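**Q** One structure coming up, written as structure tokens, with questions to follow.
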Amino acid sequence: MKNEFITSRDVDFAKWYTDVVKAAKLCDYSNVKGCVVFEPAGYAIWEKMQAVLDNMFKETGHQNVYMPMLIPESLMKKEGELIEGFAPEVAWVTYGGSKELDERLCIRPTSETLFSDYFSNVVKSYRDLPLKYNQWCSVMRWEKTTRPFLRSREFLWQEGHTVHSSQKEAEEETRQMLNIYKKFFEEYLAIPVITGKKTEKEKFAGAEYSLTIEALMYNGVALQSGTSHYFGQKFSKAYDINFVNKDNKLEFAYQTSWGVTTRMIGALIMVHSDDFGLVLPPKIAPKQVVIVPIGNVSDVVSKIYSLLKNAGISVYVDNSEKSPGFKFKDAEVNGIPIRIEVGERDLEKNIYTVARRDTHEKINVNCDIDIVSYVNFLMDDIQNNLYNRAKDRRDKMTYKAENVEQMKKIIENNPGFIIADWCGSEECESSLRDINGLKSRCILEDEKPDHNCVVCGKKSKYRVVWGIQY
RNA sequence: CGGGGUGUAGCGCAGUUUGGUAGCGUAUCUGGUUUGGGACCAGAGGGUCGCAGGUUCAAAUCCUGUCACCCCGACCA
């Protein structure tokens with residue numbers, strides 16, 4: 001029954017992942033390692049994500065802008081931690097035509113420097129603040145190992161950059177954007193996430209602190225899915241972004257940045273999809289319903305099609321020359337949430353056969369029911385089912401550990417999230433890397449540690465989620 | 001950067017040991033018959049065998065070099 005072109009995810013997860021990507025035609029490899037071609041099916045998912053997020057950003061007072069792709073080396077180097085963090089993976093432009101450039105230009109790996117430089121020019125007074133900007137663009141990081149959507153050299157993302165006149169307001173912004181990401185993941189992508197603070201070692205280069213949303217994939221591997229950074233005055237001091245405050249004193253501004261990427265497409269695959277191919281939550285699926293006609297049924301098909309389309313449901317009819325069986329498999333591999341089979345044999349009995357992608361259930365539906373309400377009901381149910389299924393799995397794969405031995409045992413048997421208390425020392429944190437590359441995912445801010453440090457046994461400062469990451 | 005592997009039709013592969021006309025499956029195209037879980041028959045098109053050099057009457061095959069990609073480590077927002 002399962003798709004013969006797709007390796008089972010329980011046999012070889014990495015192969016399964018690329019099989020699903022290829023079978024659903026989400027992207028194709030290009031001539032440059034780590035740079036992929038986004039094919040229509042993959043780009044449509046991104047456009048849907050963009051539409052929802054962009055609306056959320058605008059509702060919270062953000063405006064879109066666009067910064068250059070190239071950053072002069074001198075500008076890039078003004079803030080020390082950032083360049084130190086990104087230096088190994090930036091790509092440089094050294095020639096303009098045939099002439100070697102006096103100063104080389106880096107292809108943006110992230111745009112803090114450009115935004116900060118711009119902000120320093122335009123921010124004069126507290127009356128100019130806050131500035132709440134976002135840009136949709138691609139960035140480049142010269143990664144050594146690459147995988148479609150999860151880690152590529154060029155990837156698409158949004159990066160929000162804001163400037164505020166007070167620490168409080170900037171920190172509130174950092175929280176707000178993290179919550180927007182959490183809401184987007186849980187309500188639209190149907191992916192439950194853990195939120196928390198990155199450790200000093202894992203935080204963004206140049207940030208005072210970084211907040212993160214962490215999701216757990218089907219195979220128990222963690223995926224850093226979105227981050228929101230509080231910069232305090234680090235960049236404003238390096239780039240001279242100051243303003244006259246209400247007391248007529250010069251003050252450095254407070255900044256944030258936050259971003260999510262096309263990696264979210266990878267998360268959708270690794271959380272929801274199965275051995276039949278892609279599975280998409282209805283709220284993010286570019287195509288929500290497919291109608292498969294069997295035999296001479298065009299009148300009924302066009303009636304259902306119009307009803308659904310006029311109700312704002314994304315529906316298409318598979319009128320290709322292929323056999324019905326092929327169309328069923330095709331709808332499955334492409335992750336269409338609902339398939340309506342309209343066949344002569346069924347119509348004699350006054351029914352349609354409706355198949356849902358998440359459970360593979362086939363339902364006989366009476367032709368007299370209100371098809372629009374039924375499809376809407378089913379989409380809600382699929383959306384909820386996908387979320388609950390992912391959450392149950394994540395909860396089952398979330399463990400507690402009190403010492404290194406327990407952590408080892410857990411990771412070697414069933415990878416997942418491990419909750420364990422930690423003293424806060426970088427030595428203890430780093431030493432856990434020896435266990436299959438175990439890293440801290442985030443500090444749980446709302447929970448207090450009640451055990452000693454898993455590594456050194458001294459008093460704990462934090463309760464931390466650990467995991468193996470992509 | 002270290003260890004291993006692979007480059008042959010769009011995709012998946014055989015052929016390399018032992019040098020001798022470039023093959024198979026699938027996809028594509030044409031015609032016909034089909035349609036309830038990846039239809040069938042007949043025909044057709046498609047190749048710098050990763051690249052460069054060498055040995056040879058003759059190289060996908062042997063030798064040397066080189067490049068790319070994949071996997072495992074290391075490294076890494």
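**Q** Could you tell me which of the residues A:LEU131, A:LEU114, A:LEU150 is aliphatic (A, V, I, L, M), assigned by TED's automatic domain parsing to the domain that holds A:MET56, crowded, with 16+ Cβ neighbours inside 10 Å and within 13 Å of RNA strand B (Cβ to nearest atom)? Walk me through how you get there before you give the answer.
**A** Details: A:LEU131 fails: within 13 Å of RNA strand B (Cβ to nearest atom); A:LEU114 fails: within 13 Å of RNA strand B (Cβ to nearest atom).
Residue meeting the stated conditions: A:LEU150.
**Q** Can you pull out the residues in segment A:151-195 that are among the acidic types (Asp, Glu) and more than 27 Å from A:MET270 (Cα to Cα)? Don't jump to the end; show me each part of the working.
**A** Keep residues of segment A:151-195 that are among the acidic types (Asp, Glu), which gives A:154, A:159, A:169, A:171-173, A:186-187.
A:GLU169, A:GLU171, A:GLU172, A:GLU173 - these are the residues of segment A:151-195 that are among the acidic types (Asp, Glu) and more than 27 Å from A:MET270 (Cα to Cα).
**Q** Specify the residue that is farthest from RNA strand B (Cβ to nearest atom); the eligible residues are those in segment A:310-329 that are assigned to a helix (DSSP H, G or I) and surrounded by 15 or more Cβ atoms within 10 Å (Cβ to Cβ). Lay out the reasoning, then the answer.
**A** Filtering segment A:310-329 for residues assigned to a helix (DSSP H, G or I) gives A:310, A:324-329.
From what is left, the residues that are surrounded by 15 or more Cβ atoms within 10 Å (Cβ to Cβ) are A:327-329.
Details: A:LYS327: 8, A:PHE328: 4, A:LYS329: 4 Å.
Step by step, filter segment A:310-329, then rank; the result is A:LYS327.
**Q** Let me ask something additional. Could you check segment A:23-72 and list, in sequence order, the residues that are touching a residue at least 24 places away in the same chain (Cβ under 8 Å), aliphatic (A, V, I, L, M), within 16 Å of RNA strand B (Cβ to nearest atom) and assigned to a strand (DSSP E or B)?
**A** The answer is A:VAL36, A:ILE71.
**Q** Hey, could you check segment A:343-370 for residues that are in a strand (DSSP E or B), of a type in the set (A, V, I, L, M, F, W, C) and more than 31 Å from the chain's Cα centre (by Cα) and say which is farthest from A:ASP381 (Cα to Cα)?
**A** Narrowing segment A:343-370 to residues in a strand (DSSP E or B): A:343, A:351-356, A:362-366.
Next, from what is left, pick out any that are of a type in the set (A, V, I, L, M, F, W, C): A:351, A:354-355, A:363, A:365.
Of the ones still in play, those that are also more than 31 Å from the chain's Cα centre (by Cα) are A:351, A:363, A:365.
Working: A:ILE351: 21, A:ILE363: 14, A:VAL365: 16 Å.
Here the residue is A:ILE351.
**Q** How many residues are within 20 Å of A:GLU159 (Cα to Cα) and either of a type in the set (A, V, I, L, M) or not in a helix (DSSP H, G or I) (or both) when one looks only at segment A:239-278? Even if it seems obvious, please write down each step before you answer.
**A** To start, the set of residues in segment A:239-278 that are within 20 Å of A:GLU159 (Cα to Cα) comprises A:239, A:241, A:253-267.
If we keep only those that are either of a type in the set (A, V, I, L, M) or not in a helix (DSSP H, G or I) (or both) too, we end up with A:241, A:253-262, A:264-265, A:267.
Selection size over segment A:239-278: 14.
**Q** Hey, among the residues in segment A:368-379 that are free of Cβ contacts under 8 Å to residues at least 40 places away in the same chain and not small (Gly, Ala, Ser), which one's surrounded by the most Cβ atoms within 10 Å (Cβ to Cβ)? Show your work before the answer.
**A** Going residue by residue through segment A:368-379, those that are free of Cβ contacts under 8 Å to residues at least 40 places away in the same chain are A:368-370, A:373-374, A:377.
Checking which are not small (Gly, Ala, Ser) leaves us with A:368-370, A:374, A:377.
On the way: A:ASP368: 8, A:ILE369: 11, A:ASP370: 11, A:TYR374: 17, A:PHE377: 11.
Within segment A:368-379, the match that is surrounded by the most Cβ atoms within 10 Å (Cβ to Cβ) is A:TYR374.
**Q** Please tell me if A:SER236 is part of a helix (DSSP H, G or I) and either out of contact with any Lys or Arg (no Cβ under 7 Å at 6 or more places or on another chain) or not aromatic (Phe, Trp, Tyr) (or both). Please lay out each step first, then the result.
**A** Numbers: part of a helix (DSSP H, G or I): yes; either out of contact with any Lys or Arg (no Cβ under 7 Å at 6 or more places or on another chain) or not aromatic (Phe, Trp, Tyr) (or both): yes.
So A:SER236 fits the description; yes.
**Q** Identify, by number, the condition in (1) farther than 18 Å from A:ASN296 by Cα; (2) surrounded by fewer than 19 Cβ atoms within 10 Å (Cβ to Cβ); (3) acidic (Asp, Glu) that A:GLU332 doesn't meet.
**A** Failed condition: (2).
**Q** So, one more: Tally time: how many residues in segment A:422-451 are under 24 Å from A:SER225 (Cβ atoms), outside any helix (DSSP H, G or I) and in contact (Cβ under 8 Å) with a residue 12 or more places away in the chain?
**A** Residues of segment A:422-451 that are under 24 Å from A:SER225 (Cβ atoms), as a first pass: A:422, A:429-430, A:432-433, A:435-447.
Add one more test, that the residue is outside any helix (DSSP H, G or I), and what stays is A:422, A:435-447.
Pick out the ones that are also in contact (Cβ under 8 Å) with a residue 12 or more places away in the chain and you get A:422, A:435-445, A:447.
Of the residues in segment A:422-451, 13 are under 24 Å from A:SER225 (Cβ atoms), outside any helix (DSSP H, G or I) and in contact (Cβ under 8 Å) with a residue 12 or more places away in the chain.
The values are calculated or read from the model by the stated rules, or taken from the named source; none is laboratory data. Model, not experiment: these values are computed from the prediction. Here Cβ is always computed from backbone atoms with ideal geometry, including for glycine, and neighbour counts include all displayed protein chains.
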